[in-house]
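As structure tokens, the structure follows; a few thoughts come after it.
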Amino acid sequence: MSVASVEVGTRIGELTVSLTRAQLVRYAGASTDFNPIHWSDRAATALGLDGVIAHGMLTMGTALRVVTDWVGDPGAVRRYSCRFTRPVVVPDDDDGVEVRCVGTVSAVNEDSVTVTIEVTCAGEKVLGAVTAEVSRGAMP
Amino acid sequence: MPITENHVGRTYPPTEPYRVSAAKIAEFAAALGDENPAYAGETPDAPPTFAAVLGAAAWDALFADPELDLSLQRVVHADQTFVWHRALRTGDTVTGVLGIDKVRCRGAMEIVGVTVRLATLDGEPVVDSSSTFVHTRAAS
């Protein structure tokens with residue numbers, strides 16, 4: 001995809017990942033977020049959740065791959081924001097839960113492009129207002 | 001007296017200096033399942049959302065402030081924004097300074113906006129991590 005072909009509405013890519021309990025454990029260690037709602041069904045259900053949920057930052061970090069896979073250089077990302085709308089419940093099985101991320105250009109400025117990412121799980125939005133601004137200098 | 005709008009503007013001392021290592025970057029990228037070559041090799045860049053790990057370390061000061069009387073167990077992370085001045089890289093030693101940006105009290109619910117400014121020991125800004133927390137105060 002060239003710079004010239006980027007315009008509002010251009011779909012830059014999509015990514016479907018399966019989040020498993022094993023990945024939650026790995027992310028807990030890497031991020032040092034050891035909140036038990038991300039590994040203990042007992043702790044999660046005591047707070048009224050349907051079971052262990054993914055770290056919001058894991059889902060947010062995963063969704064940004066749509067943008068960094070597109071630009072190549074992660075250093076091109078200037079700004080990234082989202083709302084944590086709905087928890088992603090991760091079952092205790094080998095398959096985990098599928099999260100789908102679709103990136104679409106939502107603004108084109110002189111020196112940057114803004115991408116809006118739709119992040120869904122079983123057809124429902126789990127993150128809201130997911131936008132990333134990338135420097136145009138690094139566009140593919 | 002718990003947190004009020006009068007606490008807007010309060011900042012806390014810098015967090016302990018954190019040195020970014022290639023091993024920690026590799027661990028974090030693996031936890032995201034992200035094989036971007038920028039995160040590999042001897043002097044990789046950190047994945048953009050690695051900033052969350054350092055930002056969260058600075059939150060401790062907020063929850064440890066007895067005057068605010070906030071409990072981490074009663075907090076929901078509602079939204080998150082990162083603004084990068086440059087990529088976080090292997091060998092960077094950074095500290096974070098947390099400031100309170102916004103407080104809104106609505107009955108038992110308190111909405112608290114904070115920004116952690118991560119900078120090198122020389123004072124070069126690297127990334128600002130802004131978060132909104134919704135805190136539900138226990139009935140007294």
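A short reminder: the numbers here are calculations on the coordinates, not readings from a lab. Computed from a predicted model, the values in this text were never measured in an experiment. Backbone-built Cβ (ideal geometry, glycine too); neighbour counts: all protein chains shown.
Below, the figures for the structure above:
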quantity: Point-to-point label distance, B:GLU42-A:SER106, nm (Cα→Cβ direction, 7 Å offset); calculated: 4.2
quantity: Overall dimensions of chain B as given by Cα atoms, namely Rg and Dmax in Å; calculated: 16.5, 54
quantity: Debye intensity ratio I(q)/I(0), log10, the protein assembly as shown, q values 0.12, 0.13, 0.14 Å⁻¹ (C-alpha model); calculated: -0.77, -0.91, -1.06
quantity: Estimated FRET transfer efficiency (B:ARG86, A:VAL8; beta-carbon r; R0 25 Å; 0.05); calculated: 0.35
quantity: 0 to 90° range, to nearest 10: angle between helix A:21-31 axis and chain A longest Cα axis; calculated: 70
quantity: Helix-only mean residue ellipticity at 222 nm for chain A, each DSSP H run of n ≥ 4 adding -39500 (n - 2.57), per residue, nearest 500; calculated: -6000 deg cm²/dmol
quantity: Among B:LEU62, B:LEU98, B:LEU118, residue whose mean-square fluctuation peaks in a GNM of chain B (springs only between Cα atoms under 10 Å); calculated: B:LEU62
quantity: Spread of Cα-to-Cα distances over 10 Å intervals beginning at zero, given as percent, for segment B:78-140; calculated: 21, 40, 23, 13, 3
quantity: Reciprocal mean inverse distance between Cα atoms of chain A - Kirkwood radius, Å; calculated: 15.8
quantity: Nearest 10 degrees, 0 to 90: helix B:51-64 Cα axis against chain B principal axis; calculated: 30
quantity: Principal-axis tilt of helix B:22-31 within chain B, Cα atoms, nearest 10 degrees; calculated: 70
quantity: Residue-wise HN-Hα coupling along segment B:115-120, computed from phi with Karplus coefficients 6.51, -1.76, 1.60 (Hz; x: Gly, Pro); calculated: 10, 9, 9, 9, 9, 6
